[in-house]
1. Taking the range 488-507 only, how many residues are open to solvent by 10 Å² or more (accessible area, probe 1.4 Å) and either touching a His at 6+ places or on another chain (Cβ under 9 Å) or without any contact (Cβ under 8 Å) to a residue 60 or more places away in the chain (or both)?
2. Can you pull out the residues in the range 293-327 that are open to solvent by 40 Å² or more (accessible area, probe 1.4 Å) and outside any helix (DSSP H, G or I)?
3. Test each condition in (1) open to solvent by 30 Å² or more (accessible area, probe 1.4 Å); (2) in a loop (DSSP other than H, G, I, E, B); (3) farther than 29 Å from Pro33 by Cα for Gly262 and report the one that comes out false.
4. With the requirement that a residue be of a type outside the set (A, V, I, L, M) and either in contact with a Lys or Arg (Cβ under 8 Å, 6 or more places away or on another chain) or open to solvent by less than 40 Å² (accessible area, probe 1.4 Å) (or both), what does the range 189-198 give you?
5. Would you call Ala290 closer than 17 Å to Ile450 by Cα and open to solvent by less than 10 Å² (accessible area, probe 1.4 Å)?
6. Which of the residues that make up the range 171-188 are closer than 20 Å to Glu161 by Cα and of a type in the set (S, T, N, Q)?
7. Against the condition open to solvent by 40 Å² or more (accessible area, probe 1.4 Å) and assigned to a strand (DSSP E or B), how does Phe211 come out, does it pass?
8. Would you pick out the residues in the range 386-410 that are closer than 26 Å to Asp247 by Cβ, at pLDDT below 90 and part of a helix (DSSP H, G or I)?
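The values are calculated or read from the model by the stated rules, or taken from the named source; none is laboratory data. Since the structure is predicted, the reported quantities are computational estimates derived from the model, not experimental observations. Positions of Cβ are backbone-derived with ideal geometry, glycine not excepted, and every protein chain shown enters the neighbour counts. When the accessible area is computed, the model is the full protein with side chains, heavy atoms only, and any ligands, DNA or RNA have been set aside. Shrake-Rupley method; radii C 1.70, N 1.55, O 1.52, S 1.80 Å.
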Amino acid sequence: MALPDSHPHGHTPAPMDLPLKLGLARFTHGVSPASVAGAYADWFTHLLVSPSRQAELLADALRKGLLWMQYAPQAWRGDCVHCVEPAPQDKRFSPQEWNMLPFSAMAQAFLLQDQWWTGAMTGVRGVSRHHEDVAAFTTRQWLDMWSPSNFPMSNPQVLKETLATGGANLASGFANWSRDAMAVLTEGKPRGVEAFLPGKGVALTPGKVVFRNRLIELIQYEPATAKVDAEPVLIVPSWIMKYYILDLTPADSLVRYLVDQGHSVFMVSWKNPDSQDRDLGLDDYLELGAMAALKAVGELRPGAGIHAAGYCLGGTLLAMAAAALGARPRNPLKTVSLLAAQVDFHEPGELGLFIDESQIAFLEDLMAGRGYLDGRQMAGAFALINSKDLVWSKLVHEYLMGAQTPMTALRAWNADATRMPARMHSEYLRRLYLHNDLAEGRYVAGGRAISLADIKVPLFVVATERDHVSPWTSVYKIHRLTRAPVSFVLTSGGHNVGIVNPPSGAAAHAQASYRVATHAEGKAPADPQAWLQGAPPVTGSWWPCWHAWLHEQSTGQTKATPVVGLRSAGRLSAAPGTYVHQG
């Protein structure tokens, strides 16, 4: 069935094109080859007509070649410092073995080449910013693939381990690779995830399903204290992830932490869509998801305002709901908390590399057959963004060194992929990422345009320092788009680890820290770097800060009562519910 609302100008994929595009997608992890080719064509043609830039690059290549030629013979004598240092986050050549020849010379040659290509892909006059970013990113992927650390004969650590074990590491590595390859070919799960199944190893906080429709289950958690804050907390996670990242093990569960602090907590658990859900759109996710959950909580807790929180795209959806409700006479929201969530997608970070007309059209064609985007394709895109850590370090650690990375709750959750309906995925890519309709006041829901300026309730906004999905400087733009006081928190870590950040116990991060500052409407610095300079770091997790803020925004406490859940087949539907188990 065609997707008339999600394809521009009425274009739909031609059946003859689909086999070729599906084959290409398997090879490229869903990245449009036309998009990449267009980026390189833009770069190359402008470079051809820029003799001055060519001369600069030639001179830089000669300079780097001379540096290496000076370094190599001096290194043999042991009296030479490195001519180039890797980036601080690049740990490939940090082990002591890489200081020995000839490996140090190989590493220096690679880093000089990497530095030259990084400069060559930027600064060519006339190349569009998007094409420059795409070409530079793709070139970096190719360079990383050919790093000397990725090959047994050029990696001193691997050679040392091979000699010490008589090659057992390579045999174990081949077994690891075979196991992973079989899992990919059979669409199986990684080894060890069986210890972290929802309701058994993770998602253990007691609760019941209190509402269900075709898109969500709403879980209410049992109170852990005699009294709870009068206003309940409703959490809307992203639909591209299973909700239980916020309820992993008892040691790192945000849900359990909130319940233990005296909050009444509700959680949205999204259905994992299939081909029958292909025509569900972004408006359906708004109405059947965020709005339906808010209505259900309001009926269960009549008269109480709601502390609504949204994580990642769930936060974006919640912001849309908050804006729509803010324009109505009666608003059920007491506060809104956004966790690693963007509302302005003009600068979406490295995910923006995969957002242009060619790329979206390619994805729409891929989704046309089954009616959804498979979660593994999304995982492939995220792996490319952080390939040093997610791809090449695994190659060295597991396939060359023969080690095995222990399965953890977070890794098991990451392997529990979800699907996205074709229409919804196309709409959110086009309307939010490509056209930035929400931030610019053009997003229409329920027949009227949504304005983020209608959000007037207090905001608690969390961003993370190393977020590839929602860069903190992009999240910061919430200050200028709403008419609300904003408590902005910048925490250490990335998109997931920065949010799943317990304050104590075995799962707590020893180096965790955060910055926080509260500004009235329109009073925050326009420049996020100015905000950074004015917000001193605080040691520890941001969770207690959020709890204190929620408690401060509440009107008091009320007696806790047991949760009454829905009945299914004559039995109460206990948490984690049924939708979370859909594969």
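1. Filtering the range 488-507 for residues open to solvent by 10 Å² or more (accessible area, probe 1.4 Å) gives 492, 494-497, 500, 503-507.
From the residues that got through so far, the ones that are either touching a His at 6+ places or on another chain (Cβ under 9 Å) or without any contact (Cβ under 8 Å) to a residue 60 or more places away in the chain (or both) too are 492, 494-495, 497, 504.
Matching residues across the range 488-507 total 5.
2. Taking the range 293-327 first, the residues open to solvent by 40 Å² or more (accessible area, probe 1.4 Å) are 295, 299-303, 327.
Hits for the range 293-327 are Arg301, Pro302, Gly303, Ala327.
3. All conditions pass for Gly262, except number (1).
4. So the first thing to find is which residues in the range 189-198 are of a type outside the set (A, V, I, L, M), and the list is 189-192, 194, 196, 198.
Result: Pro190, Arg191, Gly192, Pro198.
5. Details: closer than 17 Å to Ile450 by Cα: yes; open to solvent by less than 10 Å² (accessible area, probe 1.4 Å): yes.
It is true that Ala290 is closer than 17 Å to Ile450 by Cα and open to solvent by less than 10 Å² (accessible area, probe 1.4 Å).
6. To start, the set of residues in the range 171-188 that are closer than 20 Å to Glu161 by Cα comprises 171-177.
Selection gives Ser172, Asn176.
7. On the way: open to solvent by 40 Å² or more (accessible area, probe 1.4 Å): yes; assigned to a strand (DSSP E or B): yes.
Here the answer is yes, as Phe211 does meet what is asked.
8. Asp389, Leu390
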